[in-house]
1. Mind telling me which of A:117, A:46, A:243 comes out most flexible in a GNM of chain A, alpha-carbon contacts under 10 Å?
2. Specify the inter-centroid distance of segment B:232-263 and segment A:81-120, based on alpha-carbon positions, in whole Å.
3. Radius of gyration and Dmax for segment B:108-263's Cα atoms, expressed in Å?
4. With the label 7 angstrom out along Cα to Cβ, how close does residue A:205 come to the same site in each of the other copies, in nm, nearest first?
5. Could you tell me the calculated FRET efficiency between residue A:248 and residue B:126, based on Cβ-Cβ distance and R0 = 45 angstrom, to the nearest 0.05?
6. 7 Å along Cα→Cβ for the label point: how many nanometres lie between residue A:94 and each equivalent label in the other copies, listed shortest first?
7. When the dipole is taken about the Cα centre of the protein assembly as shown, and only Lys, Arg (+1) and Asp, Glu (-1) are charged at their Cβ, what size is it in debye, to the nearest 20?
8. So what is the 222 nm mean residue ellipticity for the protein assembly as shown from helices alone, if each DSSP H run of at least 4 adds -39500 (n - 2.57) and you divide by all residues, rounding to the nearest 500 deg cm²/dmol?
2 protein chains.
Amino acid sequence: MSAFQRATAVRRRDDSTYDVELDLGWSIGGRPNGGYLLAAIARAATDAAGRDHPLAVSGHFLRPPAGGPAEVRTEVVKSGRTVATVRATLWQDGQACLDALVTAGRLPDAAADHVGTPMPSLPPPEECRSRADTPFRVELLDNVDVRLDPATVPTAENAGAPLVRGWMALRDADLGDGSPADVLALLLAVDVAPPTVFRLGLVGWAPTVELSALLRAVPAPGWLAFEAEASVVAGGWFDENATVWDSTGRVVAQARQLALVGR
Amino acid sequence: MSAFQRATAVRRRDDSTYDVELDLGWSIGGRPNGGYLLAAIARAATDAAGRDHPLAVSGHFLRPPAGGPAEVRTEVVKSGRTVATVRATLWQDGQACLDALVTAGRLPDAAADHVGTPMPSLPPPEECRSRADTPFRVELLDNVDVRLDPATVPTAENAGAPLVRGWMALRDADLGDGSPADVLALLLAVDVAPPTVFRLGLVGWAPTVELSALLRAVPAPGWLAFEAEASVVAGGWFDENATVWDSTGRVVAQARQLALVGR
């Protein structure tokens, strides 16, 4: 079991409830990363559905949980031939922290018939810069190796369009760094870039309000490449569209989130 | 009240339940359009939340409802200062048909600080072609005027990348055609293009499994422009990313859906 699998492990308590131990090693400024929380909740939902993989995960963030014990309450709302849909809610101390809908099934093995978003060219990981956010401590980086394309590093000296590209790999004291990412780790990958609006000088805590992701294929071992880009920044809100490719160049995940500009 | 507002009207029955009359005038091949259903469910959820506008709407489609009476059961899961989040489920004949999470609040009036997706150039509506799908009757077109950029019309003679651009306006026998679209009509606009995979020769019934939309601004009166594009078509699944601009060129909605290739 990888460190990521341990940190997102869920233990079935009864027909519909799972226990989870939230690990602050996967947080930013003391608050668990949204992608990490989605991975844990999707793990419970996929198990409750009795399916292999989450296909579509929609998370609406209510309040940030603390580290420690929490539970995922699930309800299978439809179980069909091809997919099953589950509502899953993360609870802690009697409060709902994250509400999600997960449609689960089996990811196809087939090669793509069409790809409109080929992997962008970016320098190899060893020529990229480690993510290092200025305003907060990013505990997550102890567990996830994030390398940013120097051209898109979101610092004051590198202002530009709100686009960030880079690589992600899981760190693992036992299995070794770069231990293979499973499908659920893709939910981490779609939320692992620093907020792209930092490149517009809008630096600050940028909470995710909603994140919807599509998982498209089981990733091959190796580095995951990601690109995140904000399309519209207006009135204190921004969207961020993310695509993730595996080491073979295959699109493995797509997501869009709505977030508040940091203040 | 516009024809669209009448067709998506919800009547509060008690603290959490709304009655709705599903109108098959907004369907495709006898099944209500997904965007139409999302508009009705988001109208109930936004009312239950006591907010002005839906901001993020995630819908997971379980089974297509028939026309006629249905109900939306809502549950406000969090009501905060800036936003409220509501779970809303469309029920008919004792079966859940569509499960949604809606985060509602107030759309900003502010001009955008950044726009990465300017409105593409496309011919004016009078030089575009009315949508006319071949395999099914599209009842929706009696109520919605959809004009497609001739360069992207998804016919066998016009094979190409799975991208469709066009215009949308509401028809209205009483108020006149082109009656202003409200924010909820944007949920129709993100799902009004014919399936983009028709341009790859993959013509057939292409059911939406999941659709998540962000509403970004109240649309100005006039035609809405839309662009829909599939990024990855693999193993019988495709995604479709949609952007909608109002008549002033402002981005008013963004969405991505997961759908099955028609068979």
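Just so you know, all these numbers are worked out from the coordinates, no wet-lab data involved. Note that the structure is predicted; figures quoted are calculated from it, not measured. With ideal geometry, Cβ positions are generated from the backbone for all residues, glycine too; neighbour counts draw on all protein chains shown.
1. Of A:117, A:46, A:243, the most mobile in the Gaussian network model is A:117.
2. 17 Å
3. Taking only Cα atoms of segment B:108-263, I get Rg and Dmax of 15.0, 46 Å.
4. 5.0
5. Numbers: r = 47 Å, r/R0 = 1.04.
The calculated FRET efficiency here is 0.45.
6. Those label-point separations list as 3.7 nm.
7. Charge dipole of the protein assembly as shown: 420 debye, to the nearest 20.
8. Helix-only estimate at 222 nm: -2500 deg cm²/dmol.
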